[in-house]
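The structure appears below as structure tokens.
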Amino acid sequence: MEVNDNLPVYSMGVATQILNVHPRTLRIYEAEGLIKPHRQGGKRMFSKNDLIWIQCLRNMIHEENISIPGIKRLLELMPCWKLKDCPQEVRANCAAFKEKGKKCWEFSQNTCENSCKNCEVYLKENKNK
């Protein structure tokens, strides 16, 4: 049986334990539009891919010293796998890389929600629809 890495199976409590972060950290990432947890009965649920992305965010913030506004701006300009220059073995399991044919607003759902409305690529694409 193949396990779907996008299946939201981790509660907020479990996710914070796995990632070794405070729940407030995940709430901040959500409020900033960097993550969009699934909701089940009002509870935040995370998939394996969500946890991988959150760890990537934490690495950019704490190891690369990139601020949250900086990450948001960079994600508007280039995909995350180019931003972090992920090794091939990491890319092989990365949902963002596997679905790189999608437009950024189709894949991220929330990453650049506020700026997509002003993005000339987004406006041009949606004007034709």
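The values are calculated or read from the model by the stated rules, or taken from the named source; none is laboratory data. Keep in mind that what you see is a predicted model, and the values were worked out from it rather than measured. Here the Cβ positions follow ideal geometry from the backbone for every residue, glycine too, while neighbour counts run over all protein chains shown.
Here are the numbers:
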read-out: Residue count for the stretch 37-74, restricted to those that are under 26 Å from Glu89 (Cβ atoms) and among the charged types (D, E, K, R); value: 5
read-out: The stretch 28-52, residues that are farther than 21 Å from Asn6 by Cβ and out of contact with any helix residue (DSSP H, G or I) (no Cβ under 9 Å at 6 or more places or on another chain); value: Ala31
read-out: Close pairs (8 angstrom Cβ cut-off, 6 or more residues apart or separate chains): farther than 12 Å from Phe46 by Cα and without any contact (Cβ under 8 Å) to a residue 24 or more places away in the chain in the stretch 10-33, in a helix (DSSP H, G or I) and small (Gly, Ala, Ser) anywhere; value: Pro23/Gly13
read-out: Restricting the stretch 17-65 to residues that are among the polar types (S, T, N, Q), more than 20 Å from Glu76 (Cβ to Cβ) and part of a helix (DSSP H, G or I), the residue that is modelled with the lowest pLDDT; value: Asn49
